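Peer 1: Next up is a structure, given as structure tokens.
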Protein chains: 2
Amino acid sequence: MEISSARAPAGSRLLATPLGAHAACRRSGQLLRPRRHTVRCSVDATRQAQGIPSAVAAEAEAAEARKRAFGVFCTTYDLKADEKTKSWKKMVNIAVSGAAGMISNHLLFQSYRFILSSHFSLANLEKKKLLSTIHFDTNFQIAAGEVFGLDQPIALRLLGSERSFQALEGVAMELEDSLYPLLREVSIGIDPYEVFEDADWALLIGAKPRGPGMERAALLDINGQIFAEQGKALNAVASKNVKVIVVGNPCNTNALICIKNAPNIPAKNFHALTRLDENRAKCQLALKAGVFYDRVSNMTIWGNHSTTQVPDFLNAKIDGRPVKEVIKDTKWLEEEFTLTVQKRGGVLIEKWGRSSAASTAVSIVDAMKSLVTPTPEGDWFSSGVYTTGNPYGIAEDIVFSMPCRSKGDGDYELATDVEIDDFLWERIKKTEAELLAEKKCVAHLTGDGIAFCDLVNEDTMLPGEM
Amino acid sequence: MEISSARAPAGSRLLATPLGAHAACRRSGQLLRPRRHTVRCSVDATRQAQGIPSAVAAEAEAAEARKRAFGVFCTTYDLKADEKTKSWKKMVNIAVSGAAGMISNHLLFQSYRFILSSHFSLANLEKKKLLSTIHFDTNFQIAAGEVFGLDQPIALRLLGSERSFQALEGVAMELEDSLYPLLREVSIGIDPYEVFEDADWALLIGAKPRGPGMERAALLDINGQIFAEQGKALNAVASKNVKVIVVGNPCNTNALICIKNAPNIPAKNFHALTRLDENRAKCQLALKAGVFYDRVSNMTIWGNHSTTQVPDFLNAKIDGRPVKEVIKDTKWLEEEFTLTVQKRGGVLIEKWGRSSAASTAVSIVDAMKSLVTPTPEGDWFSSGVYTTGNPYGIAEDIVFSMPCRSKGDGDYELATDVEIDDFLWERIKKTEAELLAEKKCVAHLTGDGIAFCDLVNEDTMLPGEM
């Protein structure tokens, strides 16, 4: 594998700048930005085998993309020229930041078959007339994805850092060695303007972990800078309908910063991951009720992905009945349940010596799945989304986890059949206040003026990846 | 979660022994063996919800098994009493050793949907009359598995060590939080006689890594002890048709030790994992030929999972044509190709700072898949298997990686349409000699008398998990 600091290809809008130039800037309408450490392909035409139809010819655009591809993924595959793949769908580009970290390492391998396969639309479903025979309950969504998505080729674009670049190469090599049949392109890089190009999905996992003694305001600022830059990069080069899932903590406020720095991408396309919290809450209710967790539905996590989060046992259901009818222990619901969900990550770090990368990765896949498969009738899922026009009376212009439903087209609507009592509202207001305070801390990154940080001292932040 | 050192249940054949008693022994026909640190369920009948049909009643046997289950998996689920699950297949028990390590952590999560879903038989396939519409080429095996296996409930039995027990609890907690619909039981423990009970699959991943300056003979002995004990445990308590995949290095000789200590289990049921080597070899040939890796077939790894392994480019095919017709660079095939495959793991450790856990886990799933799905017509896969009655003239009574074909029933036959030339034979003899030497080193563990270790000094061992 040849590694070189990249040169801008002839005809590119992109100019090379010296290493270390971090900020993107515009000069007379052209993007001037750093292009660093891009892996360029060591496979050239002379190494290609003769006489294999799929190895011949492919349009200039694809060839250009592959200049940045890694190893075996550089090879010229003309999917249309190949009997086996000619009916396949258009390539889906999935960008992943923090790609050398543990969550990503789990996500990229763990969830492969799902990511590879679930990217289908309702239109496809109806066309195939299988809606009636496939059960769209929580058990079988995956099956549906697996069935309809096996003609969905995937390109992975992995974003790392200078420090992690060698590990990123290792990830790409392991992806090669895994022989995933639908994975057709892998590229790695450290410049979001390059890696996010034409991304249909951006899974923003990378964030600085909180150092010992670090103030929350400092962490908000450090990570905010990263997400401001990534928002700008998405705005400049990603698909205009890119779906963005922010995982790096503090994920709600990081997502807000992304939104504010990506004015050309609909705010509705951005999500802060609260799905792991939802999964944990479902599991705890199931455990308490003595049922398997597929019986628990309508589980909302409200608010911030921090310890102020509100796992909602008022609207959640077990076997279609309100949780409170099944679990009579109100004290447990009001106290222990919420605490257990909030503290689960910390307990896992104690047990495991590292953060819960595997189940986080599972929940990222779940979150994607919820957007590309129709939500089961009556059910909903939680996601941290932009609050504009929300029906609950939550403050506008923040990213707040709320109950969502999707038709499976990548979009969502907020659930309106939701009850809010005083107990729940009080807690919603508390997590809302926290998010409004976080927003003030990052005003310099959202274009809202000068930052003013008066966060309460209480430590509500959840552990990030270690 | 309550953790207690276990007591033998009333009526059990198993007696409790003090902590720290390691060896299993028999006394007047009864097994006397250590039972340590078993997680017992904290869910009891009084905590179970009322009025939920599936939470009621289940036979005594299942209840007994669940006493050892973890957390939410302790709950009484009567699959037959539940509309959604009453037509499901019989539970499959999958035991995993080294379950708190990185390979397992990837395997358990990464491959879940496959493991969960691929355990189907040819009979089922034919019954469903879908054979004609599903393409059993390398691209679609998974789909087949995913389609037919979604009614296959799974029990996981995770074996760790005293040292790793807390991490093992963390793994079980993350499995809870992942809400896998078909995962119905998880139990964790450190006693193979307990964990391997009724196992249908045993994935033996755990092994001591080689310490600095450790002689190969010492490593063979230390790991041999582990695999002798695990072989005895499998023999005593696992399903008589358990399929065993040995991953912990040196995996061929460890598998041989297992076989010798499990006389009641057919030797044919034991495998040493060489599938990662096969996958890497396919990838390298694809890279050189400029084709996607699904064009490479009939890739054999011969011999030992060490640097004496022989990736066979004589019989391998690209697009159905002999590799040598497609790749004319014989020097590359004879030298660079083999070296690259052998050294890949070492290069990855350099890049990645740790061993290739993710792709190893992928290859374990591939190995399982190859046994439960019919091998595509004309193709084969590599597995380290017992050499009795092999058609190639390889020494009997060792575990040697060879080309295998399966009908998808869990069993395999050796491929006979294989060419062996002088170049290949010379290399096969070298790896065979190494395995025969390893066998002598562990004679005290295989019942072959006194060990005599005259291994050549050259370091051929591949890196294990770190």
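Peer 1: In the range B:275-446, what percent of the accessible surface is made up of carbon and sulfur (1.4 Å probe, ligands and nucleic acids excluded)?
Peer 2: 49
Peer 1: Normalised by the residues of the range A:188-254, what does the relative contact order come to in percent, with Cα pairs under 8 Å and at least six apart?
Peer 2: 52
Peer 1: Would you mind checking which residues have amide H under 5 Å from residue B:385's amide H? H placed 1.01 Å from N; only 5 or more apart, or other chain.
Peer 2: Amide H neighbours of residue B:385: B:272, B:400, B:401, B:402.
Peer 1: Taking amide H positions as placed in the peptide plane 1.01 Å from N, state which residues far from residue A:202 in sequence (5 or more) or on other chains have amide H under 5 Å from it.
Peer 2: Correct list: A:95, A:243, A:244, A:245.
Peer 1: What nm value, rounded to one decimal, do you get for the distance between residue B:409 and residue A:450 when each label is placed 7 Å out toward the C-beta?
Peer 2: My value for the distance between the label points is 8.1 nm.
Peer 1: Shifting gears a bit: In the structure shown, do any of B:208/B:240; A:260/A:369; A:89/A:369; B:343/B:440 have a Cα-Cα gap over 20 Å, and if so which?
Peer 2: The pairs that break the limit, which is 20 Å between Cα atoms, are B:208/B:240; A:260/A:369; B:343/B:440.
Peer 1: Once you average over the residues of A:345-351, how many Cβ atoms of partner chains fall within 10 Å of each Cβ? Before the final figure, lay out each step's value.
Peer 2: Values: counts 1, 0, 4, 7, 1, 3, 11.
Mean inter-chain Cβ contacts per residue within 10 Å come to 4.
Peer 1: Sticking with this structure for a sec: Can you give the accessible area of residue B:326 in Å² (nearest 10), computed on protein heavy atoms with a 1.4 Å probe?
Peer 2: 20
Peer 1: So, R0 is 25 Å and r is the distance between the beta-carbons of residue B:430 and residue B:221; what FRET efficiency does that work out to, to 0.05?
Peer 2: It comes out at approximately 0.60.
Peer 1: What relative contact order, as a whole-number percentage, does the range B:275-446 give when Cα pairs under 8 Å and 6 or more residues apart are counted?
Peer 2: Numbers: 272 pairs, mean separation 43.5, N = 172.
Rounded, it is 25 percent for the range B:275-446.
Peer 1: Okay, next question. Can you tell me how the range A:350-404 classifies by the Cα gyration tensor, rounded, prolate or oblate, using a/c under 1.5 as the rounded cut?
Peer 2: oblate
Peer 1: Determine the shape class of the range B:275-446: with a ≥ b ≥ c the square roots of the Cα gyration tensor eigenvalues, call it rounded for a/c under 1.5, and otherwise prolate if a/b is greater than b/c, oblate otherwise.
Peer 2: rounded
Peer 1: Follow-up. Run the label-point distances for residue B:377 please: 7 Å along Cα to Cβ, every other copy, nanometres, shortest first.
Peer 2: Once sorted, the set of distances for residue B:377 reads 4.3 nm.
Peer 1: Take peptide B:293-300, look around each residue's Cβ out to 10 angstrom, count Cβ atoms belonging to other protein chains, and average those counts.
Peer 2: 3
Peer 1: Distances in nm, one decimal, shortest first, from residue B:87 to the same residue in every other copy, taking the label point 7 angstrom along Cα→Cβ.
Peer 2: Ordered by distance, the counterparts are at 2.6 nm.
Peer 1: Report ³J(HN,Hα) in whole Hz for each residue of the range A:178-193, in order, from the Karplus equation J = 6.51 cos²θ - 1.76 cosθ + 1.60 where θ = phi - 60°; Gly and Pro get x.
Peer 2: 8, 6, 5, x, 9, 7, 10, 8, 10, 10, 10, x, 10, 10, x, 5
Peer 1: Mind listing the label-point distances from residue B:198 to the same position on all other copies, shortest first, one decimal in nm, points 7 Å along Cα→Cβ?
Peer 2: Result for residue B:198, in nm, nearest copy first: 5.3.
Peer 1: So what are the ³J(HN,Hα) numbers for the range B:427-441, from phi and the Karplus equation (6.51, -1.76, 1.60; θ = phi - 60°), rounded to whole Hz, Gly and Pro as x?
Peer 2: 6, 4, 5, 5, 6, 4, 4, 5, 5, 5, 5, 4, 4, 5, 5
Peer 1: So what is the relative contact order of the range A:384-466, in percent, for Cα pairs below 8 Å that sit 6 or more residues apart?
Peer 2: The value is 18 percent.
Peer 1: Residue by residue through the range B:351-363, which ³J(HN,Hα) values in whole Hz follow from phi under the Karplus form 6.51 cos²θ - 1.76 cosθ + 1.60 (θ = phi - 60°), with glycine and proline marked x?
Peer 2: 5, 9, x, 8, 6, 7, 5, 5, 6, 4, 4, 4, 6
Peer 1: In square angstrom and rounded to 100, what buried accessible area do you get between chains B and A, total over both, with the probe at 1.4 Å?
Peer 2: 7400
Peer 1: Shifting gears a bit: For residue B:302, enumerate residues with amide H under 5 Å from its amide H, sequence gap 5+ or separate chain, H modeled in the peptide plane.
Peer 2: Result for residue B:302 returns B:310, B:312.
The values are calculated or read from the model by the stated rules, or taken from the named source; none is laboratory data. Predicted model, so just to flag it, every value in this text is computed and none were measured. Note that we place each Cβ from the backbone using ideal geometry, even for glycine, and neighbour counts take in every protein chain shown. Accessible surface is based on the protein model in full, side chains and every heavy atom, while ligands, DNA and RNA are left aside. Shrake-Rupley method; radii C 1.70, N 1.55, O 1.52, S 1.80 Å.
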